[in-house]
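Written out below as structure tokens is the structure these notes cover.
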Amino acid sequence: MSENEKTQLPDRLSMDPKSPYFDGELLAKGIGIRFNGQEKVNVEEYCLSEGWIRIAAGKSRDRHGNPMTIKLKGKVEPYVEGEDEQPEG
């Protein structure tokens with residue numbers, strides 16, 4: 001891949017393998033999320049067009065053993081780790 005080429009990220013992406021929005025190959029590259037200008041490391045799912053992320057709510061679990069999540073609305077900026085970094089100089 002050339003320096004100017006960037007990976008096209010989907011409108012919606014989930015960490016849950018049971019979700020229709022799961023993409024294991026893309027997640028293996030390392031996806032980072034900036035939410036309202038701050039790095040978030042506990043994002044379970046995001047949606048660009050609707051402007052929200054889902055994050056784990058502590059250690060709480062639902063009856064199926066999945067983490068309980070909270071939906072936060074704001075500016076979502078996903079990126080592939082390492083692609084946004086510009087060499088200095």
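The values are calculated or read from the model by the stated rules, or taken from the named source; none is laboratory data. Predicted model, so just to flag it, every value in this text is computed and none were measured. Calculation scope for accessible area: heavy atoms of the full protein, side chains included, ligands and nucleic acids excluded. Shrake-Rupley method; radii C 1.70, N 1.55, O 1.52, S 1.80 Å.
What accessible area per residue, rounded to a whole number of Å², is obtained for the chain using a probe radius of 1.4 Å?
Details: 6510 Å² over 89 residues.
With all protein chains present, the chain gives 73 Å² per residue.
Kindly provide the helix-only [θ] at 222 nm of the chain, computed as the sum of -39,500 (n - 2.57) over DSSP H runs of four or more divided by all residues, to the nearest 500 deg cm²/dmol?
Taken over the chain, the calculation gives -1500 deg cm²/dmol.
Tally up the carbon and sulfur contribution to the accessible surface of the chain as a whole percent, 1.4 Å probe, everything protein left in place. Let's see the in-between values first.
Working: 3030 of 6510 Å².
Exposed carbon and sulfur together represent 46 percent of the surface.
Find the Cα radius of gyration of the chain, compare it with 2.2 N^0.38 Å by division, and give the number to two decimals.
Details: Rg = 14.3 Å, N = 89, 2.2 N^0.38 = 12.1 Å.
Taking N as the residue count of the chain, the ratio is 1.18.
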